[in-house]
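Enquirer: Starting off with a structure, shown below.
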Amino acid sequence: MIAEADMAQSPESFLPLSNLALHVLIALAEGPSHGYAIIKDVESRTGGRLNIRSGALYSMIQRLHEDGLVENAPPPHEETDPRRKYYCITTLGRQVAALEADRLRDMIEAAQTRQLVPDRGAH
């Protein structure tokens, strides 16, 4: 039997992720970033379909930090604004994001099998 403390650190125990949590982890997968840059990354990747409010973002970052999926990062040497806080994804965060991406891919494949969405690979 798995102890409760060990279960809390199991990547599978974090699934499913919320849409916002996954977007934050994806944004941080490229490297450390600050909140405004995360918001802009998500807006760019979603074509503006997801517009994150700063309060929601920082609440999510706090939760991801408490769960050990993100951590504080030092600012880059060229950073001139001392108010900006930088964050980076942890090893556990990468594992969780990868598992969530696999889970979503499996769902899309099932939807394609049932002809709910087109298979973009078949032209």
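Enquirer: Hey, does the range 8-24 have a residue that's of a type in the set (D, E), in contact (Cβ under 8 Å) with a residue 12 or more places away in the chain, open to solvent by 60 Å² or more (accessible area, probe 1.4 Å) and part of a strand (DSSP E or B)?
Expert: no
Enquirer: Say we look at the range 96-123 and pick out the residues that are of a type in the set (D, E, K, R) and surrounded by 13 or more Cβ atoms within 10 Å (Cβ to Cβ); which of these is nearest to G35 (Cα to Cα)?
Expert: This residue is E100.
Enquirer: Considering only the range 28-40, I want to know if a residue exists there that is of a type in the set (A, V, I, L, M, F, W, C) and more than 25 Å from S13 (Cβ to Cβ).
Expert: Checked the range 28-40: at least one residue is of a type in the set (A, V, I, L, M, F, W, C) and more than 25 Å from S13 (Cβ to Cβ).
Enquirer: On to the next question. Quick one: in the range 37-61, of everything that is assigned to a helix (DSSP H, G or I) and among the basic types (K, R), which residue is nearest to the chain's Cα centre (by Cα)?
Expert: R45
Enquirer: Could you please let me know if D81 is of a type in the set (D, E) and under 19 Å from A97 (Cβ atoms)?
Expert: no
Enquirer: Separate question: Which residues, taken from the range 62-90, are open to solvent by 90 Å² or more (accessible area, probe 1.4 Å), part of a loop (DSSP other than H, G, I, E, B) and among the charged types (D, E, K, R)?
Expert: Result: E78, R83, R84, K85.
Enquirer: Being under 15 Å from F14 (Cβ atoms) and of a type in the set (D, E, K, R) is the filter here, so list the residues in the range 69-123 that pass it.
Expert: Within the range 69-123, R94, E100, D102, R103 meet the criteria.
Enquirer: Still on this structure, I have one more. Residue check: is G93 of a type outside the set (D, E, K, R) and open to solvent by 50 Å² or more (accessible area, probe 1.4 Å)?
Expert: no
The values are calculated or read from the model by the stated rules, or taken from the named source; none is laboratory data. Everything numeric in this text was worked out from a predicted model, so none of it was measured. So basically every Cβ, Gly included, is an ideal-geometry build from the backbone, and we count neighbours across all protein chains shown. These accessible areas exclude ligands, DNA and RNA; they are computed on the full protein's heavy atoms, side chains included. Shrake-Rupley method; radii C 1.70, N 1.55, O 1.52, S 1.80 Å.
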